[in-house]
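Each remark here refers to the structure printed beneath this line.
The values are calculated or read from the model by the stated rules, or taken from the named source; none is laboratory data. Bear in mind that the values here come from a model prediction, so they are computed numbers and not experimental data. Here the Cβ is made from the backbone with ideal geometry for all residues, glycine too, and neighbour counts use every protein chain on show.
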Amino acid sequence: MSPDMALVARIKRWMVYSVLGLCISCTTVPMTNRSSFQMVPEADLNALSAQEYRQVIDEAQLSTNTAQVQAVQRVGQRIADAAEAFLREKGLGHKVSRFRWEFNLIDDDQTANAWVMPGGKAVVYSGILKFTRNDTGLAVVLGHEVAHAIAGHGNERMSQGLAAQMGAAALSAALSQQPAATQELFQQAYGVGAHVGFLLPYSRLHETEADRIGLVLMARAGYDPRAAIPFWEHMNTGGGPRPPELLSTHPAPASRIQSLRREMPKALLHYRRP
């Protein structure tokens, strides 16, 4: 690398770090109170999510198993209601209107996965139902995925990736002046085009945070959070030689179970048996 190129690279890194330093305190993750760098306008991110979600649904084979579809929608809505109630209690009611919850079950027994896009658009793949087994198991999964949504993990991941890729000035211009370019960047950040709706992996920090928030959400929705420990143990031991997609970047099994046990007393404070 020439001296001039090295200087340009250092300046670009400085720009990114400066933006991170200025903006990281702008958003706080509900429940954990961690500072989070989220500079993509939520209205834009949610619009892109809805558009890509609709494409996934249009191209997928939706389940016709009425009982399973109803279970996904029933549990999903209870978790979503608990998330909204929590946000209101914490003085974050303005965030509630940003979610338009939708829960669909895709008929794909080979895929053990689920995800929730920014704005509340959710998919469960039928392959995960052999692990969830019942409504409480579904609540473990959907509590975790809804936690990603209300924590703004998607925005944070996209913001960090795009700022590093483009630099602060270029990212700002793309968001405000180039909607087509922004959509392409969204697809790259989320892997939509290449993986037909599969999100690129969250960081282990995000996964651990979603575990913690998800326990409280399922407890507040009336599901026993203690079910999370056997569920994740079953996921880790029952996936065969290739772990389910949902475990792709999650913390190591032992550390995850240890973390869940540590957080369980706090979650149980929110649990009231229906």
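Table for the structure above
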quantity	calculated
Of residues in region 84-133 being in contact with a Pro (Cβ under 9 Å, 6 or more places away or on another chain) and of a type in the set (S, T, N, Q), the one nearest to residue 53 (Cα to Cα)	113
Single residue of 71, 122, 82, 67 found to be touching a strand residue (DSSP E or B) at 6+ places or on another chain (Cβ under 8 Å) and either within 22 Å of residue 210 (Cβ to Cβ) or part of a helix (DSSP H, G or I) (or both)	122
Scan of region 123-140 for residues that are touching a helix residue (DSSP H, G or I) at 6+ places or on another chain (Cβ under 6 Å) and within 30 Å of residue 94 (Cβ to Cβ), ordered by number	124, 138, 139, 140
Tally of residues being farther than 17 Å from residue 78 by Cα, of a type in the set (Phe, Trp, Tyr) and buried (at least 21 other Cβ atoms within 10 Å of the Cβ) across region 113-135	1
Odd one out for residue 146 among (1) in contact with a Gly (Cβ under 8 Å, 6 or more places away or on another chain); (2) assigned to a helix (DSSP H, G or I); (3) modelled with pLDDT under 95	(3)
Residue in region 67-82 that is closer than 21 Å to residue 32 by Cα, buried (at least 23 other Cβ atoms within 10 Å of the Cβ) and in contact (Cβ under 8 Å) with a residue 40 or more places away in the chain present	yes
So residue 95, is it in contact (Cβ under 8 Å) with a residue 40 or more places away in the chain and surrounded by fewer than 14 Cβ atoms within 10 Å (Cβ to Cβ)	no
Odd one out for residue 224 among (1) surrounded by fewer than 17 Cβ atoms within 10 Å (Cβ to Cβ); (2) modelled with pLDDT under 60; (3) under 24 Å from residue 105 (Cα atoms)	(2)
Near pairs, Cβ below 9 angstrom, 6+ apart or cross-chain, from region 148-161 (free of Cβ contacts under 8 Å to residues at least 60 places away in the same chain and surrounded by fewer than 24 Cβ atoms within 10 Å (Cβ to Cβ)) to any residue that is of a type in the set (Phe, Trp, Tyr) and in a helix (DSSP H, G or I)	157/190
